[in-house]
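In what follows, a structure is listed as structure tokens, so that the remarks can point back to it.
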């Protein structure tokens, strides 16, 4: 808020054209206003020159009254405080009442000169408002997708004077992407909606006409976004073949794989391409509210048509192969298939189909199986010959990355391309840097990194399943599932365990990736709670022999460094070490009460030291109280 709390000074210079007001020149009106001053006084200053002499300066203070209209709320006569009537400075002060006249305020000067002319010098604007700050701004949960409601919350505070503490700004309208909420008595606000775009995270208490609050905006912390996969369907609806220059129409729909099934994806760019010797974009459009689209283009080259949708914050890109543009003459492919998809890394795919010309088989032709990582530039990876019926059957193990496949024919200047098929490669996975470690409060942290088998990044979130086997046991017990980071493949999850034992984690595979290894780590669980003697005493410190000594204390516990709480119904052992002795004597075993306190009374017999022990249990760490000396007279 450094900008808002600074001294606000508006300055403008208005030069009077010689033909209009030759007598008054160099008029300069400025307004100095400190929003954090307790008196909220605006100082108005005019400097001007006049050959005949300025006889009066009056400033009108105005505020908006609707549309472009302004209404006067005060009139200020300015007094000359420097120079002469021919070249001087005129000033006045005006206290701005924010209770009755908040918001945008302008100042208009009217200058009268001795020649009888009157000049309106211009306008100066200030905002009579209290500076605001937005604090404690949060967005949750930390990971969302298009179906996950997220909540943005915070507080709005107002700084009314420089020396005052910020106070809650109640009744302030706070806007998100679609609608406002109003702050409560403590200045707090929250709103919940599904993620749409980064703008949906903006918090902007903005002033309207007559509002006492200055405008301020902040972006809430951005969540980690889990993009959803899409189903892109498309069809060439224009009957083929066509003539050169004829219009071809492609229709389709884009939907995402939402939590409850397929959901339309609106306002996403979809582009159609035709691939002959090279890939060319021929049409593009935005999807409608129902996810549908219609693409129309003129047929200039024969070849397969592909449709691709753009990737954005909430969905991945999509791909469809709806058909082809075919002309009446020339070679053509039909019945083209590529199987399987997905295919395991470096395992064979099989491409089959038929090559004809005007319906007649082309026998003995060389057909090239081609691959492209992007669908734009192609390389031959294998070739085959057509049979007497024009059929071909080609295999290749060049399956090392996701991409696009087609077959290509070229002979005597005639060319043909099959439709394009997208094939995903099932990559091997490797779980590295696995660690299972214990922490306070019986918390066990399991973490690691999931990579491709070659050590490269996966680039997406994948589920990791975590298992535990107690020390001495023989059965793995499922504990829960966490997800890897799309950024680097790392994962981390926390579990509660009161037993020593073995932990492991694994990815079980999906259509894109094969299952990973499952490394094992052993964890020695120290206990659920960290304990501490918040109080311990043996009193009085000096006591006559035969009198009573009270040993008492307070045992607290906490989890993971959190707030301490009383530790109820736990055993405490009280010990005494006589002065000059070497061995502690157990005096009593007692228990803490519901408030974590204990107290025991003994008869004073000799000088010595008192201490207390809690030796821990399955859920608590052990702790000692320290010692207290008692002098027995």
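The values are calculated or read from the model by the stated rules, or taken from the named source; none is laboratory data. Bear in mind the structure is a predicted one, so any value in this text is a computation, not a measurement. Here the Cβ positions follow ideal geometry from the backbone for every residue, glycine too, while neighbour counts run over all protein chains shown.
Please indicate, with yes or no, whether at least one residue in region 76-83 is touching a residue at least 12 places away in the same chain (Cβ under 8 Å), outside the structural domain of residue 154 (by TED's automatic domain parsing), surrounded by 14 or more Cβ atoms within 10 Å (Cβ to Cβ) and assigned to a loop (DSSP other than H, G, I, E, B).
no
Test of understanding: among 118, 43, which residue is over 46 Å from the mean Cα position of the chain (by Cα), surrounded by fewer than 16 Cβ atoms within 10 Å (Cβ to Cβ) and not assigned by TED's automatic domain parsing to the domain that holds residue 213?
After applying the criteria, what remains is 118.
Can you tell me which residue is farthest from the chain's Cα centre (by Cα) among those in region 495-522 that are at pLDDT 90 or above and under 30 Å from residue 422 (Cα atoms)? Break it down into steps so the answer makes sense when it comes.
So the first thing to find is which residues in region 495-522 are at pLDDT 90 or above, and the list is 495, 501-508, 516-522.
Next, from what is left, pick out any that are under 30 Å from residue 422 (Cα atoms): 506-508, 516-517.
Details: 506: 27, 507: 26, 508: 28, 516: 29, 517: 31 Å.
Only one residue fits best here, namely 517.
How about region 282-304: which of its residues are surrounded by fewer than 19 Cβ atoms within 10 Å (Cβ to Cβ) and without any contact (Cβ under 8 Å) to a residue 40 or more places away in the chain?
284, 285, 286, 288, 289, 290, 301
On the basis of being closer than 30 Å to residue 445 by Cβ and touching a strand residue (DSSP E or B) at 6+ places or on another chain (Cβ under 7 Å), does residue 621 make the cut?
yes
Looking only at region 459-482, how many residues end up being surrounded by 20 or more Cβ atoms within 10 Å (Cβ to Cβ), over 22 Å from residue 401 (Cα atoms) and touching a residue at least 40 places away in the same chain (Cβ under 8 Å)?
Of the residues in region 459-482, 1 are surrounded by 20 or more Cβ atoms within 10 Å (Cβ to Cβ), over 22 Å from residue 401 (Cα atoms) and touching a residue at least 40 places away in the same chain (Cβ under 8 Å).
I need the full set of residues from region 260-281 which are touching a residue at least 60 places away in the same chain (Cβ under 8 Å) and either in contact with a strand residue (DSSP E or B) (Cβ under 9 Å, 6 or more places away or on another chain) or crowded, with 23+ Cβ neighbours inside 10 Å (or both), in order please.
If the condition is that a residue be touching a residue at least 60 places away in the same chain (Cβ under 8 Å) and either in contact with a strand residue (DSSP E or B) (Cβ under 9 Å, 6 or more places away or on another chain) or crowded, with 23+ Cβ neighbours inside 10 Å (or both), then 263, 273, 275, 276, 277, 279 are the ones that fit.
Could you say which residue among 485, 456 is without any contact (Cβ under 8 Å) to a residue 12 or more places away in the chain and within 24 Å of residue 225 (Cα to Cα)?
Only one candidate passes the filter, namely 456.
If you check residue 551 against the conditions, is it in a loop (DSSP other than H, G, I, E, B) and either buried (at least 16 other Cβ atoms within 10 Å of the Cβ) or in contact with a helix residue (DSSP H, G or I) (Cβ under 9 Å, 6 or more places away or on another chain) (or both)? Full working, then the answer.
Values: in a loop (DSSP other than H, G, I, E, B): no; either buried (at least 16 other Cβ atoms within 10 Å of the Cβ) or in contact with a helix residue (DSSP H, G or I) (Cβ under 9 Å, 6 or more places away or on another chain) (or both): yes.
No: the conditions fail for residue 551.
Would you confirm whether or not region 401-411 contains a residue that is at pLDDT 95 or above and either over 28 Å from residue 244 (Cβ atoms) or touching a helix residue (DSSP H, G or I) at 6+ places or on another chain (Cβ under 8 Å) (or both)?
No, region 401-411 contains no residue that is at pLDDT 95 or above and either over 28 Å from residue 244 (Cβ atoms) or touching a helix residue (DSSP H, G or I) at 6+ places or on another chain (Cβ under 8 Å) (or both).
Can you tell me which residue among 356, 400 is more than 22 Å from residue 317 (Cα to Cα) and free of Cβ contacts under 8 Å to residues at least 60 places away in the same chain? If you could, list the steps in order and put the result at the bottom.
Numbers: 400 fails: more than 22 Å from residue 317 (Cα to Cα).
That would be 356, the only listed residue that is more than 22 Å from residue 317 (Cα to Cα) and free of Cβ contacts under 8 Å to residues at least 60 places away in the same chain.
With the requirement that a residue be under 19 Å from residue 539 (Cα atoms) and loosely packed, with under 12 Cβ neighbours inside 10 Å, what does region 586-598 give you?
586, 589
Test residue 371 against the criterion of being free of Cβ contacts under 8 Å to residues at least 40 places away in the same chain and either in the same structural domain as residue 452 (by TED's automatic domain parsing) or buried (at least 19 other Cβ atoms within 10 Å of the Cβ) (or both), and give yes or no. It would help to see each step written out before you state the result.
Numbers: free of Cβ contacts under 8 Å to residues at least 40 places away in the same chain: yes; either in the same structural domain as residue 452 (by TED's automatic domain parsing) or buried (at least 19 other Cβ atoms within 10 Å of the Cβ) (or both): yes.
Yes.
Examine region 420-430 for a residue that is closer than 23 Å to residue 619 by Cα, touching a residue at least 24 places away in the same chain (Cβ under 8 Å) and surrounded by 14 or more Cβ atoms within 10 Å (Cβ to Cβ), and state whether such a residue exists.
no
Checking the conditions here, which among 53, 88 is on the phi > 0 side of the Ramachandran plot and not assigned by TED's automatic domain parsing to the domain that holds residue 264?
53 is the lone residue from the list that is on the phi > 0 side of the Ramachandran plot and not assigned by TED's automatic domain parsing to the domain that holds residue 264.
Which fully enclosed strands (runs of 3 or more DSSP E) of region 231-343 have 3 or more residues being within 27 Å of the chain's Cα centre (by Cα)? Walk me through it before giving the result.
Numbers: elements: 247-258, 261-264, 269-275, 279-286, 292-298, 303-309, 318-325, 331-339.
Result: 247-258, 261-264.
Considering region 441-494 alone, what residues qualify as being part of a strand (DSSP E or B) and modelled with pLDDT under 90?
Answer for region 441-494, where residues must be part of a strand (DSSP E or B) and modelled with pLDDT under 90: 443, 452, 470.
To keep it simple, each residue is scored yes or no on (1) farther than 19 Å from residue 219 by Cα; (2) under 20 Å from the mean Cα position of the chain (by Cα); (3) assigned to a loop (DSSP other than H, G, I, E, B); (4) modelled with pLDDT under 90.
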{"residue": "139", "(1), (2), (3), (4)": "no, yes, no, yes"}
{"residue": "154", "(1), (2), (3), (4)": "no, yes, no, no"}
{"residue": "157", "(1), (2), (3), (4)": "no, no, no, no"}
{"residue": "162", "(1), (2), (3), (4)": "yes, no, yes, no"}
{"residue": "165", "(1), (2), (3), (4)": "yes, no, yes, no"}
{"residue": "174", "(1), (2), (3), (4)": "no, yes, no, yes"}
{"residue": "178", "(1), (2), (3), (4)": "no, yes, yes, yes"}
{"residue": "181", "(1), (2), (3), (4)": "no, no, no, yes"}
{"residue": "185", "(1), (2), (3), (4)": "yes, no, yes, no"}
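When region 538-548 is examined, which residues are found to be under 58 Å from the mean Cα position of the chain (by Cα) and crowded, with 16+ Cβ neighbours inside 10 Å? Spell out how you get there, then give the answer.
Quick first cut of region 538-548, residues under 58 Å from the mean Cα position of the chain (by Cα) only: 538-539.
Passing the criteria: only 538.
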